[in-house]
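Here's the structure, in structure tokens; my notes come after.
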Amino acid sequence: MNTLIPFLDADQLVLALAIAGLAGLVKGMVGFAMPMIMVSGLGTFLPPEIALAGLIIPTLTTNGMQALRQGARAALASIHRFRVFLGVGLVMLLLSAQLVRMLHPSTFLLALGASVTTFAIVQLLGLRLRLSGASARVEAAFGAVAGFIGGLSGVWGPPTVMYLTALDTPKGEQLRVQGVIYGLGAVALLGAHLTSGVMRAETLPFSVLLVAPAVLGMWIGGRFVDRVDQATFRKATLAVLLIAGANLVRRGLAG
């Protein structure tokens, strides 16, 4: 295993697998937060670009499962409805992904930590945007922000969730739409980082290895989602994200 993944010792490997499993569990219950949990957790003991590479294949796999849960026709309908968000987000993701290896690690950690922390605080305070209806201009703005952050960090959930909740999207549809948006974003992220050099022979096996615990965690989370008070669990999840985001900000400031 050391030959296949030379940058991890045995203890770090176990920890990485556990983080992937936890991220999958949360995603199975609330439909998002896998990239935030994985990059925040892996980023505590791995360089930012390796943490980013690690989440790409598990994110791609689990989002594909989530997007197709209600069938391909429903997924295609979601793609058509949110085509502006997806199109603008794709362009911004491809552009910002090329900046990853140019940024100082402290800048990356600060940017990611600030976005995760801000999202968690806003949600925990119960603050949310409310939109009376879809607007191409507003949708493009959210898509641009989501794509730019996603290309840099692999995390495009916060602006996506905020936009969907602002539209009062029904729970079932929102989970499907999130899967579609995140899944297509993960495909774009993989392509972008094959070009940027983040996903390479050294990091690909690590990312593939994290798929199994992520899928298992998602399956378990999906089994228990109807048995747990989702509002309470979501608040606990946001509290964990708040701590993780604050830790990333601390590491960024420490330089």
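The values are calculated or read from the model by the stated rules, or taken from the named source; none is laboratory data. Remember, it's a predicted structure, so these values are computed and weren't measured experimentally. Methodologically, a virtual Cβ is constructed for each residue, glycine included, from the backbone with ideal geometry; neighbour enumeration extends over all protein chains shown. To get the accessible areas, we keep the full protein, side chains included, count just its heavy atoms, and leave off ligands, DNA and RNA. Shrake-Rupley method; radii C 1.70, N 1.55, O 1.52, S 1.80 Å.
Note the angle between two axes, namely the Cα long axis of helix 211-224 and the longest principal axis of the Cα atoms of the chain, as a number of degrees from 0 to 90, rounded to the nearest 10. Once rounded, the angle reads 40 degrees.
Label-to-label distance, A140 versus L103, with points set 7 angstrom from Cα along the beta-carbon direction: 2.4 nm. If you keep only loop residues by DSSP, which trypsin sites (Lys or Arg not before Pro) in the stretch 154-234 have at most 10 other Cβ atoms within 10 Å of their Cβ? The qualifying sites are R227. Stretched out straight at 0.36 nm per residue, the stretch from L95 to F233 would grow longer than its current Cα-Cα span by 46.2 nm. Remark: accessible surface ordering of L209, L86 (largest first) is L209, L86, probe radius 1.4 Å. Of W219, W156, the order by accessible heavy-atom surface (1.4 Å probe, DNA, RNA and ligands excluded), from most exposed downward, is W219, W156. Within the accessible area of the chain, the carbon and sulfur atoms contribute 69%, probe 1.4 Å, all protein chains present.
Extension gain for R83 to S132 (0.36 nm times residue separation, less C-alpha to C-alpha distance): 15.7 nm. Per residue, the chain exposes 45 Å² of accessible surface when a 1.4 Å probe is rolled over the protein heavy atoms with every protein chain present.
How much length is gained if the chain between L125 and E173 is pulled fully straight, taking 0.36 nm per residue apart and subtracting their Cα-Cα distance, in nm to one decimal?
14.8 nm
For the stretch 1-122, the average shadow cast by the Cα convex hull is 9.2 nm², which is a quarter of the hull's surface.
Taking Cα atoms, how many degrees apart are the long axis of helix 157-166 and the longest axis of the chain, rounded to 10 and kept between 0 and 90? It is inclined by approximately 10 degrees.
Annotation: M65 carries an accessible surface of approximately 90 Å², with a 1.4 Å probe and no ligand, DNA or RNA atoms counted. Accessible area per residue (1.4 Å probe, heavy atoms of protein chains only) ranks T232, T117, T61 as T232, T61, T117, with the largest value leading. In a simple Cβ point-charge model (Lys, Arg +1; Asp, Glu -1; nothing else charged), the chain has a dipole of about 600 debye relative to its Cα centre.
For the chain, the longest principal axis of the C-alpha atoms and the axis of helix 72-81 are separated by about 80°.
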